[in-house]
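Remarks on the structure that follows.
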Amino acid sequence: MNSSEKLAIARRIDLAAHKILAAGGDDTALFIGMAELMPDFKRLMDATLPGEMDSLASQFDGFYRYAKVLETIAGGIAAGEIDVP
């Protein structure tokens, strides 16, 4: 995946996050409303070099917010605080 593809995915995620948040959505609404973009986020995460996700997060605050929601959920699962059947 080249840099322009990475940027396009980050922009798409950022825009979707902003729409949800502008409508009054919270982190739960963000997680649920962005489910269709989770594969794109994963693909982006797998394709980035060290530091690239941080760079994208610093450029796109909606992308950052979504990444933090996913990070929080992943941490809860790893800690056993969130049960995944």
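With a/c under 1.5 counting as rounded, go ahead and sort the chain into rounded, prolate or oblate using the C-alpha gyration tensor (a ≥ b ≥ c being the square roots of the eigenvalues; past the cut-off, prolate if a/b is larger than b/c, else oblate).
It is oblate, given that a/c is not under 1.5 and a/b is not larger than b/c.
For residue 29 and residue 61, calculate 0.36 nm times their separation in residues minus their Cα-Cα distance, and state this gained length in nm to one decimal.
Gain on stretching residue 29 to residue 61: 9.9 nm.
Rounded to the nearest 20 debye, what is the charge dipole size of the chain about its Cα centre when +1 sits on each Lys and Arg Cβ and -1 on each Asp and Glu Cβ?
Dipole of the chain, to the nearest 20 debye: 280 debye.
Under a straight-distance cross-link criterion of Cα-Cα below 16 Å, which aspartates and glutamates are reachable from residue 42, leaving out those fewer than 8 residues away in the same chain?
In chain and number order, the partners are 5, 14, 52, 54, 71.
Along the charge dipole of the chain, pointing to its positive end and built from +1/-1 on Cβ of Lys, Arg, Asp and Glu, which listed residue (55, 8, 38) has its Cα farthest out?
In the chain, that residue is 8.
What distance in nm separates the simple spin-label points at residue 38 and residue 72, each placed 7 Å from Cα in the Cβ direction?
1.6
Readers should treat all values here as calculations from the given coordinates under stated rules, not as data from a laboratory. Just so you know, these numbers come straight off a predicted model, no measurement behind them. Cβ sites come from the backbone with ideal geometry, for glycine too, and all protein chains shown count toward neighbours.
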